[in-house]
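Report on the following structure.
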Amino acid sequence: MVIAQSEKVSESRIAIQIEVDADRVEEALQRAYQKVVREVSVPGFRKGKVPRRIIEARFGVEVLYEDALEELIPSAYEEAVTEAKLDVIDQPDVSNVEIEAGSPLRFRVEVDVMPEATLGEYKGLKAVKSIERVEESDIDHMLEHLRDENAELVPVERESVEEGDFVLIDFEGYIDGEPFQGGAAKGYTLELGSGRFIEGFEEQLVGKEIGSDVDVHVTFPEEYQSEELAGKDALFKVHIHSAQVRVLPELDDEFAVDVSEAESLEELRQQIREELAESAAARADQELRDELVKMASDASTVDVPEVLVNREVDHTLNEFFRGLTYRGIDPQQYLEQTERTLDDLREQFQSEAESRVKANIVLSTIVKNEGIAVDTEELEAHVERVVSESNDPDSTRKMLEDPDRRASLERSLEIEKAVELLLEHAEIEEKEIPSRGHGHNHDHDDHDHEDQDDHGDQDESEPAADKDNQGA
């Protein structure tokens, strides 16, 4: 039997005084003895057969306490937390442990718990839902983007290369007359004017004849990633095999049929118009929800636990570094080149993390205040939707069978319902606004469109002449 008494240390920290009855303590001590007796040797007794009273007399009863406490404290703590229905958010701090054979175990625990917010007004909030107009310029931009994606490389009909050409080259670099590692490649396709190679390299190829050999003289930047090359003068011997230019397809009905399921250019324009309008409506809806949550959060008071803020900062930092990695940027190099530290980034993310944590606590309090719940049918329907949308349904289903995952998913659905409640009771004014140019956010690198396999045996590793090796 466990007896627990709790008291608030602060709005987000609870102290629990826990007592475990003497019989349960004795059972744990006996199990501890059965473990210890297998490990000790006492003259006159076979191993594993030393009586408990002999072990206690020879080594002290305390030899059993550690194993007994390792069993008793976690289980008693979990029972106390469950009984008090506490939503703990961090590991407990245990103190004042009192254990003695024949007596109850007593100990004190302090633990951070999810606080409740003192709610302000969250019904009847007044907000504006701003929906962007779809401009013809947005449609034009999307069509140009499609043209760019479907451009082809065709051989030039001239003898010399020009800026903007995609040249197929072999090259080998030398410093002080000696070749250096990473300084050579065969069948490399380079867009002249892209700035991809170090300063001066591409410019010295412009105007040269196709099929010719060119000596290119450059100086590696002082801040070049490779210390062996930084600041060094280099000679690259380059052979120009061929040159191609990107040709955009004509914007006509045939193009529309090739790139979509539309049967004409006008039908494709209409499809794009509808897609942009749908995206604009979705953005407007999300922005409205975010604004209502912010208004409810700003109107409420919360003692935000530091542990949750730190956890949110950690999560944001991990996502930030993952994003850098996806873009081919080494996080450590990013820190060095921007002259920033992890502490700098943590400080940058701190305010946003505090806002997110506070908003989540406010929404959780609304869930409790309104008696919002997710029934089994709703939860199962959501699980099925997640599984059906997964690339690995079996693994996803197995993952969602975990009780902790289920509980987390249930809490997320409750939070969604709380946001829906804010929306349902809000006074919303819809307003059309000019396009903010979301159709123009599809930036891309033109030189990524060529198929390297069509232009020779490009070396998969980046050559030393590549400007990207600076991390620039």
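Taking the Cβ of residue 339 as the centre, find all other residues whose Cβ is under 15 Å away and add up their charges (Lys, Arg: +1; Asp, Glu: -1).
Residues close to residue 339 contribute a combined charge of -4.
How large is the Rg to Rh ratio of the chain when both quantities use alpha carbon positions and Rh follows Kirkwood?
1.13
To the nearest 10 degrees, how steeply does helix 22-36 sit against the main Cα axis of the chain, on a 0 to 90 scale?
Roughly 60 degrees between the two axes.
In nm, what is the difference between 0.36 nm times the number of residues separating residue 87 and residue 21 and their Cα-Cα distance?
Here the segment from residue 87 to residue 21 would lengthen by 21.2 nm.
Can you tell me, using C-alpha contacts under 8 Å and at least 6 residues apart, the relative contact order of the chain as a whole percent?
For the chain, the relative contact order is 21 percent.
How many percent of Cα pairs in the stretch 324-433 exceed 18 Å?
Within the stretch 324-433, distances greater than 18 Å cover 69 percent of Cα pairs.
I need two numbers for the stretch 143-182: Rg to one decimal and Dmax as a whole number, Cα atoms only, in Å.
Cα radius of gyration and Dmax of the stretch 143-182 are 16.9, 51 Å respectively.
Using a probe of 1.4 angstrom, how much of the accessible area of the stretch 261-308 is carbon and sulfur, in percent?
About 45 percent, which is the carbon plus sulfur part of the accessible surface.
Can you give me the three principal axis dimensions of the stretch 180-258 from its C-alpha atoms, in Å, biggest first?
Sorted largest first, the three principal extents are 55, 29, 20 Å.
Find the Cα radius of gyration of the stretch 48-159, compare it with 2.2 N^0.38 Å by division, and give the number to two decimals.
2.64
Treating only the Cβ atoms of Lys and Arg (+1) and Asp and Glu (-1) as charged, compute the dipole magnitude of the stretch 188-270 about its Cα centre; round to the nearest 20 debye.
For this selection, approximately 540 debye.
Using the charge dipole of the chain (Lys, Arg: +1 at Cβ; Asp, Glu: -1 at Cβ; taken about the Cα centre), state which of 141, 235, 54 has its Cα farthest towards the positive end.
Going by the Cα projections, it comes out as 54.
Determine the shape class of the stretch 237-285: with a ≥ b ≥ c the square roots of the Cα gyration tensor eigenvalues, call it rounded for a/c under 1.5, and otherwise prolate if a/b is greater than b/c, oblate otherwise.
In terms of gyration-tensor shape, oblate.
Efficiency by 1/(1 + (r/R0)^6): what FRET value for residue 338 and residue 175, r their Cβ-Cβ distance, R0 = 30 Å, to the nearest 0.05?
Computed FRET efficiency for residue 338 and residue 175: 0.55.
Can you give the accessible area per residue of the chain, in Å², using a 1.4 Å probe?
Accessible area per residue: 59 Å².
What does the charge dipole of the stretch 227-273 about its Cα centre add up to, to the nearest 20 debye, if the Cβ of each Lys and Arg holds +1 and the Cβ of each Asp and Glu holds -1?
The calculation lands at about 460 debye.
Please express the shape of the stretch 1-94 as an equivalent ellipsoid: the semi-axes are the square roots of 5 times the eigenvalues of the C-alpha gyration tensor, given largest first in whole angstrom.
36, 12, 10
Can you pull the accessible area of residue 325 for me, 1.4 Å probe, Å² to the nearest 10?
Accessible surface of residue 325 is approximately 80 Å².
Compute the Rg to Rh ratio over the stretch 290-368 from the alpha carbon atoms, using the Kirkwood formula for Rh, and round to two decimal places.
Looking at the stretch 290-368, the ratio lands at 1.09.
Would you mind telling me the share, in percent, of accessible area of the stretch 110-195 contributed by carbon and sulfur at probe 1.4 angstrom?
43
Give me the compactness ratio for the stretch 187-306, meaning the Cα radius of gyration over 2.2 N^0.38 Å.
2.00
Please report the carbon-and-sulfur percent of the accessible area for the stretch 14-93; probe 1.4 Å, protein heavy atoms only, DNA, RNA and ligands left out.
That share works out to 48 percent.
May I ask you to derive the FRET efficiency for residue 223 and residue 203 from their Cβ-Cβ distance with R0 = 25 Å, giving the value to the nearest 0.05?
Efficiency, from the Cβ-Cβ distance: 0.80.
Starting from the Cα of residue 412, step 7 Å along the direction of its Cβ; do the same at residue 110; then give the gap between the two resulting points in nm.
3.4
Per residue of the chain, what 222 nm ellipticity follows from adding -39500 (n - 2.57) for every DSSP H run with n ≥ 4, rounded to the nearest 500?
Taken over the chain, the calculation gives -14500 deg cm²/dmol.
Based on the Cα gyration tensor of the stretch 251-326, what are the three equivalent ellipsoid semi-axes, each the root of five times an eigenvalue, rounded to whole Å and given largest first?
44, 21, 6
Extent of the stretch 115-272 along each principal axis, from alpha carbon coordinates, in Å, largest to smallest?
Extents along the principal axes: 78, 57, 20 Å.
Roughly how big is the stretch 84-152's charge dipole about its Cα centre, with Cβ charges of +1 (Lys, Arg) and -1 (Asp, Glu), in debye to the nearest 20?
780
For the stretch 207-252, compute Rg over Rh where Rg is the Cα radius of gyration and Rh is the Kirkwood radius from the inverse mean 1/r over Cα pairs.
1.25
Would you kindly find the accessible area of residue 395, with a 1.4 Å probe and non-protein molecules such as ligands, DNA and RNA excluded, rounding to the nearest 10 Å²?
Residue 395 has an accessible surface of roughly 60 Å² with all protein chains in place.
The values are calculated or read from the model by the stated rules, or taken from the named source; none is laboratory data. Keep in mind that this is a model prediction, so the values were computed, not measured. Reconstructed Cβ throughout: ideal geometry from the backbone, glycine too, with neighbour counts over all protein chains shown. For the accessible areas, the whole protein counts, side chains as well, though only heavy atoms, and no ligand, DNA or RNA atoms are used. Shrake-Rupley method; radii C 1.70, N 1.55, O 1.52, S 1.80 Å.
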